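Asks: This is the structure I have questions about; it appears just below.
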Amino acid sequence: AYAVSLRGHGGSAGARHLGRTPARDCVQDVLQPMSKPPGPPVLVDKSNGALVAQLVAERYPLRGLVLLTPAPLHSAVGDLLAIAKDRPADALGTVVGRTLSMEPDILFEGLDPQTARRYSDRTGPESPLVQWELLLPRTRGPVRCPVLVVGTPDDRLVRPADVERTAADYGVEPVWFPGMGHDVMLDRGWEQVLATVLDFAGDLPAWGTAPPR
């Protein structure tokens, strides 16, 4: 398994230029290490990263694509309006270039307060260009691999309607995890999400073989 840290995130280089980083640069960050694994990978990403993953999938032959609480390619204007209704100052800050708030109550539903705060404090700034690009509708080319879409009806960042539309674009039904927040990888019950992802990956045909009909 390879964990890719996008430029300007975590300990990766590029923090000084994060404010000028568009989504296409993030796509290149994901594409660059893909020649290292033994064969096409199963690409897993969430939220903004899931949008990047979808743009990667149209360019690179993957074995499978997993989208966790994915930001929509068809425009996140509806999500921003929902955030504005719930947290107007947060939405306004995003419009003027500040990073969308990642407070514990936004990311998690079931964690104890101390654990939720510890995880939340590890989040960092996001590129304002990437956030603004989320509001623009995008088109993509064909994605020729199986796709798994995971969502939660309790998400405070991505509306269930947008998760459903993303899944419909790939001709699949989303898998729902009620009682979890946006960060399904870390919230209470993450083991069930992981099991779903592993089952999906385990059922994929070997690379180079035709999928069952």
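Asks: Given N residues in the stretch 113-171, what is its alpha carbon radius of gyration divided by 2.2 N^0.38 Å?
Replies: 1.47
Asks: Still on this model: Scale the Cα Rg of the stretch 1-66 by the rule-of-thumb value 2.2 N^0.38 Å and send over the ratio, two decimals.
Replies: The reported ratio for this selection is 1.09.
Asks: Efficiency by 1/(1 + (r/R0)^6): what FRET value for Ala206 and Val172, r their Cβ-Cβ distance, R0 = 22 Å, to the nearest 0.05?
Replies: Efficiency at R0 = 22 Å is approximately 0.60.
Asks: Can you tell me the dipole magnitude for the stretch 49-115 around its Cα centre, using point charges on the Cβ only (Lys, Arg +1; Asp, Glu -1), in Debye to the nearest 20?
Replies: Dipole size: approximately 360 debye.
Asks: Determine one quarter of the surface area of the Cα convex hull of the stretch 20-129, which equals its mean projected area, and express it in nm² to one decimal.
Replies: 8.3 nm²
Asks: Rank these residues by their accessible area, most exposed first, probe 1.4 Å: Val95, Val197.
Replies: Val95, Val197
Asks: Would you work out which of Gln114, Leu204, Ser35 lies farthest towards the positive end of the dipole of the chain, given +1 charges on the beta-carbon of Lys and Arg and -1 on that of Asp and Glu, about the Cα centre?
Replies: Ser35
Asks: Give me the extension gain from Ala161 to Tyr2: residue separation times 0.36 nm, minus the current Cα-Cα distance, reported in nm with one decimal.
Replies: Between Ala161 and Tyr2, full extension yields 54.2 nm more.
Asks: Tell me the net charge near Ala3. Cut-off is 13 Å between Cβ atoms, Ala3 excluded, with +1 for each Lys or Arg and -1 for each Asp or Glu.
Replies: 0
Asks: With viscosity set to 1.567 mPa s and temperature to 4 °C, compute the Stokes-Einstein D of the stretch 124-213, Rh being the Kirkwood radius across alpha carbon pairs; µm²/s, no decimals.
Replies: 85 µm²/s
Asks: Per q in 0.17 1/Å, what log10 I(q)/I(0) does a Debye calculation on the alpha-carbon atoms of the stretch 144-188 return?
Replies: -0.45
Asks: Let me understand the stretch 43-94 better: what is its radius of gyration from the alpha carbons, and its Dmax, in angstrom?
Replies: Over the stretch 43-94's Cα set, Rg and Dmax evaluate to 13.5, 41 Å.
Asks: Another question, if that's okay. Kirkwood-based Rg over Rh for the chain (C-alpha set), two decimals?
Replies: 0.94
Asks: Given points 7 Å out from each Cα along the Cα-Cβ axis, report the Trp190 to Arg16 separation in nanometres with one decimal.
Replies: 3.3 nm
The values are calculated or read from the model by the stated rules, or taken from the named source; none is laboratory data. Everything numeric here is computed off the predicted structure, so don't read it as measured data. A quick note on method: Cβ atoms are made from the backbone with ideal geometry, for glycine too, and the neighbour counts reach across all protein chains shown. Areas reflect the complete protein model, heavy atoms only, side chains present, ligands, DNA and RNA absent. Shrake-Rupley method; radii C 1.70, N 1.55, O 1.52, S 1.80 Å.
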